[in-house]
């Protein structure tokens, strides 16, 4: 699959598989029911779709699967609002509407030949999951893969076994910390910024991709800049209210940026002037 | 290109204004223009020149709008009312697509607006400028462009700007400079007319005009100059850097105390484009329509995201509106999002004056 012109009117998609990742997080594995629509669809890591639940509404959700997986495309969703809670009730075989793909994704081409450093906080790991999958499938194109994940509480970490499996791969380092560890927690206790020192990062040959709460990304960016990173090598996935997906409805504006079409992935130098105030 | 060539000025006596209506109807246009409704001047459908608001005057102040009658035969001797051209092209309620459910299967179909061929009479220069901004913002929007296609714009230069107007300082009026098909200056005995496009030239050729006399041209020129003398002004044309340097200015908090966060300013603003999408489901559950309706950055829901409201108080919302309107628009569309129409001042229920607020924040001369 490669990036295509987004649909403005949804197409029907079927839930081929539904995975409960945690009590509040689930993954929908989807396929467009119209074979020609599915064959013509493509996306880039970091882009998102608008998922439509009949009679309820739409919600923007990033795509976590690999763009070259032409069998299915996956969305990992947290039940938190009206639409995502209702979507959680759908079972295998149910149909929903999908518009997309929207937005500018991660700088995968720029990252080739360099270390890829993934920094995530809270539950915000879904948008970078596509990057991790992308790098692992094309391992020879990238140097070291460093995955740094912070969570509030040990119970918040989904895909714990995946982190442990990645840690065993060559040229791959995994650093996980919980603000509050629990019994049997195999990782570190503390803030995500405390992990940055452990990772022995290469400031001149790394592309950093971040996602999570804005305050956490700002703290990580400040820390990395003090370690000699270039602002243009730090990439953040921003979240705002998105309804149209293509810069018309106005909800996602952050200063002069339309997060839905100019982002959701931005380099630090593109948005640093907008991060301090709550815009 | 519309309105950039120097066309010869013609003159139409007021008694023959009906000829303009006749020609437009014969060309298949639906005519929309200023009408007096519910105590305000609004754009509504017109069938003849007698329906224009003859002799009507307006008085506008922050939070105040009053119409009065005069003996003047003029039909356009008022400043803009609350409604801009916005609802004609960016509909306040626009069906986008429909979904049908049958035994669990979903089918989707696009919904297009009905074709319209509008001739809009009495457009002011500020609203032409606002329309150009919406043309840029909605350039790839099928619904807007469908409604907008083929619209004929007849501008009437403002002869009676309101106390709340400041188009001279934004550079958008009171004289139309681009984007019109036909331009009128209303005088006591009739209309100086000048085409601004091929469609306007064709229209003008069908009207019983004479060449405008030197007296008519001079009177129009003096009227234009008088209309440019306005009480209010903005401190500068590009306030983006000035406003974004003052995001923590105490004035935002002071204004938020007065602001009701009602969204009147965004409703009457000719350039505000925010809209929200929602489902309108049929009661039997077999059909659901996706529609978009006007939204406002002053609502709590505007910045809602997964359980969090980003702009969670009026201070942040007013700041968002003003920094976008006078700041971010420059980066987005190459100019300010304010055309100086003054509607947000008149229609603010507590009379917050945008020009006063911005001067307090960035200084009188930014």
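Could you tell me which residue of segment B:322-340 is surrounded by the fewest Cβ atoms within 10 Å (Cβ to Cβ), considering only residues that are part of a helix (DSSP H, G or I) and more than 11 Å from chain A (Cβ to nearest Cβ)?
The extreme case among them is B:322.
Pairs, please: C-beta under 6 Å, at least 6 apart or cross-chain, first residue at the interface with another protein chain (Cβ under 8 Å from one of its Cβ atoms) and in segment B:270-297, second modelled with pLDDT under 90 and not in a strand (DSSP E or B)?
Sorted first by the residue in segment B:270-297, then by its partner, the pairs are B:279/A:55; B:281/A:55; B:288/A:55.
Given the residues B:315, B:311, which is the only one that is farther than 25 Å from residue B:88 by Cα and without any contact (Cβ under 8 Å) to a residue 40 or more places away in the chain?
B:311
Evaluate segment A:161-172: report whether one residue or more is modelled with pLDDT of 85 or more and assigned to a strand (DSSP E or B).
There is at least one residue in segment A:161-172 that is modelled with pLDDT of 85 or more and assigned to a strand (DSSP E or B).
Kindly indicate which of B:131, B:152, B:96 is farther than 21 Å from residue B:272 by Cβ, touching a helix residue (DSSP H, G or I) at 6+ places or on another chain (Cβ under 8 Å) and at pLDDT 95 or above.
Of B:131, B:152, B:96, the one residue that is farther than 21 Å from residue B:272 by Cβ, touching a helix residue (DSSP H, G or I) at 6+ places or on another chain (Cβ under 8 Å) and at pLDDT 95 or above is B:152.
Among the numbered criteria (1) over 30 Å from residue A:55 (Cβ atoms); (2) within 11 Å of chain A (Cβ to nearest Cβ), which single criterion is violated by residue B:99?
The single condition residue B:99 does not satisfy is (1).
If you scan segment A:270-279, which residues turn out to be touching a strand residue (DSSP E or B) at 6+ places or on another chain (Cβ under 8 Å) and outside any loop (DSSP other than H, G, I, E, B)?
Narrowing segment A:270-279 to residues touching a strand residue (DSSP E or B) at 6+ places or on another chain (Cβ under 8 Å): A:270-271, A:274, A:279.
Those that are touching a strand residue (DSSP E or B) at 6+ places or on another chain (Cβ under 8 Å) and outside any loop (DSSP other than H, G, I, E, B): A:270, A:271, A:274.
Within segment B:207-316, considering only helices (runs of 4 or more DSSP H) that don't extend past its boundaries, which have at least 3 residues that are surrounded by fewer than 16 Cβ atoms within 10 Å (Cβ to Cβ)? Reasoning before the result, please.
Details: elements: B:214-227, B:240-244, B:250-258, B:264-268.
Fully inside segment B:207-316 and qualifying: B:214-227, B:250-258.
Do you know which of the residues in segment A:240-267 that are in a strand (DSSP E or B) and more than 7 Å from every other protein chain (Cβ to nearest Cβ) is surrounded by the fewest Cβ atoms within 10 Å (Cβ to Cβ)?
Ranking the qualifying residues of segment A:240-267, first place goes to A:267.
Within segment B:332-345, how many residues are out of contact with any helix residue (DSSP H, G or I) (no Cβ under 7 Å at 6 or more places or on another chain) and either modelled with pLDDT under 95 or more than 22 Å from residue B:79 (Cβ to Cβ) (or both)?
Matching residues across segment B:332-345 total 2.
May I ask you to list the residues in segment A:53-73 that are within 20 Å of residue A:246 (Cβ to Cβ) and not in a loop (DSSP other than H, G, I, E, B)?
The answer is A:57, A:58, A:59, A:60, A:61, A:62, A:73.
Mind checking which residues of segment A:91-125 are over 23 Å from residue A:260 (Cα atoms) and either away from chain B (no Cβ under 14 Å) or crowded, with 17+ Cβ neighbours inside 10 Å (or both)? Quick ask: steps written out before the conclusion?
The first filter runs over segment A:91-125 and keeps only residues over 23 Å from residue A:260 (Cα atoms), leaving A:91-95, A:112-117.
Listed by number, the residues that qualify are A:94, A:95, A:112, A:113, A:114, A:115, A:116, A:117.
Would you mind finding the one in B:360, B:366 that is within 23 Å of residue B:240 (Cβ to Cβ), in a loop (DSSP other than H, G, I, E, B) and either modelled with pLDDT of 95 or more or in contact with a helix residue (DSSP H, G or I) (Cβ under 9 Å, 6 or more places away or on another chain) (or both)?
B:366
Evaluate segment B:203-217: report whether one residue or more is within 14 Å of chain A (Cβ to nearest Cβ) and touching a residue at least 12 places away in the same chain (Cβ under 8 Å).
no
Find the strands (runs of 3 or more DSSP E) located wholly in segment B:101-197 whose residues include 2 or more that are in contact with a strand residue (DSSP E or B) (Cβ under 8 Å, 6 or more places away or on another chain), free of Cβ contacts under 8 Å to residues at least 12 places away in the same chain and surrounded by fewer than 24 Cβ atoms within 10 Å (Cβ to Cβ), and list them.
Strands (runs of 3 or more DSSP E) meeting the threshold: B:105-110.
The values are calculated or read from the model by the stated rules, or taken from the named source; none is laboratory data. None of these values were measured; they are calculated from a predicted model. Here the Cβ is made from the backbone with ideal geometry for all residues, glycine too, and neighbour counts use every protein chain on show.
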